[in-house]
């Protein structure tokens, strides 16, 4: 049986797809058979971030409608054998994701995979509800910014009332906070909410803090999940977060302002 | 970092403090709202209407509080009658 992880946030543009791609790649690199599914029907983007946009033939909605089987629709990642991508449909509307259909696909995937990562669309509408409904774990991606924190709290309310686990009175979804676009310098200057502030407000387990990083745009430009950029701060932060998710005790990094040496001051870095 | 930034950094409160305070209030309010049954505002309106048949009261004179505890829910009604209640009828 696979563990189903939803990457959610409520607010758009906070880094859900970046996180879904990085986390899925990280889990797969550790040898876990992992599938990552794009739930953003009509506005698919995960394929772009994963760099497999030209290999999409069938999509999630085709599988739900039984126009294609899973093996035809799943795209195997070229960099990592245990990673598969199930792209969203670009042309259908989001109502195409029926609860029965999504449930059936997840059930079938569960037979062959260890982890299923569900990349939720923004908002609290149908697609977002379908992405989180079957989840065992939720990673709430949040920026240290008021509207994002508020929306995250809203998502937590929905996770605890409208998910399958809530409806069947099963053990609640495990919820984790992933703080992204963190800028320690601005936090130090008092212009940005700190990790501790956000944790205090949301009271969630902290899975990781990903610093604001040029590497994220570079990664999406080239269709390479940022976790593969091991030189970069964001890549390392995602690597740490995967370790923590898998139960390793990894200390948090990138929370403090990095002291710049003389040369990096001189040449920029 | 310029000289100006040094002064800025030494400010007692940055905007983050304001953000945190606003969020704490907002989130507490949202959470309280979340657990409440959706009929409460209507209930409050109708209670006011009924009381107004007999006593002239203000819109704010009736407060409806809802609290959820482990095993039970508490619906608390608080009605403030004016000191010199003018009876109707």
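Taken together, the values in this text are just the output of simple stated rules run on the coordinates, not laboratory data. Bear in mind that the values here come from a model prediction, so they are computed numbers and not experimental data. Note: ideal-geometry Cβ built from the backbone for every residue, glycine included; neighbour counts use all protein chains shown.
Observations on the structure shown:
- When the Cα convex hull of the stretch A:75-229 is projected onto planes of every orientation, the mean area is 10.8 nm².
- Extension reserve of the residue B:24-residue B:76 stretch, reckoned as 0.36 nm per residue once the Cα distance is removed: 16.3 nm
- Choice from A:155, A:192, A:132 with maximal GNM fluctuation in chain A (Cα, 10 Å cutoff): A:192
- Value of relative contact order over the stretch A:95-233, rounded to a whole percent, pairs C-alpha under 8 Å and six or more apart: 19 percent
- Arranged from fewest to most other beta-carbon atoms within 10 Å of their beta carbon, A:254, A:39, A:113 become A:254, A:113, A:39.
- Computed log10 I(q)/I(0) for the protein assembly as shown at 0.12 Å⁻¹: -0.91, from the Debye equation with unit scatterers placed on every C-alpha and solvent omitted.
- Theoretical gain in end-to-end length, residue A:72 to residue A:252 [0.36 nm per residue, Cα-Cα removed]: 60.8 nm
- Structural descriptor for the stretch A:185-252: relative contact order 25 percent, calculated from alpha carbon pairs under 8 angstrom and at least 6 residues apart.
- Our estimate of slack between residue A:231 and residue A:110, defined as 0.36 nm per intervening residue step minus the Cα-Cα distance, is 40.2 nm.
- Burial ordering of B:20, A:99, A:214, A:16, fewest other beta-carbon atoms within 10 Å first: A:214, A:99, B:20, A:16
- Between helix A:99-112 and chain A there is an angle of about 80 degrees, using the helix long axis and the longest principal axis of the Cα atoms.
- Given R0 = 51 Å, the distance between the Cβ atoms of residue B:84 and residue B:39 translates into a calculated FRET efficiency of 0.95.
- Treating r as the C-beta distance of residue B:67 and residue A:164 and R0 as 35 Å, the FRET efficiency rounds to 0.80.
- In chain A, the longest principal axis of the Cα atoms and the axis of helix A:146-162 are about 30 degrees apart.
- Exposure proxy order (Cβ contacts within 10 Å, fewest to most) of B:39, A:245: B:39, A:245
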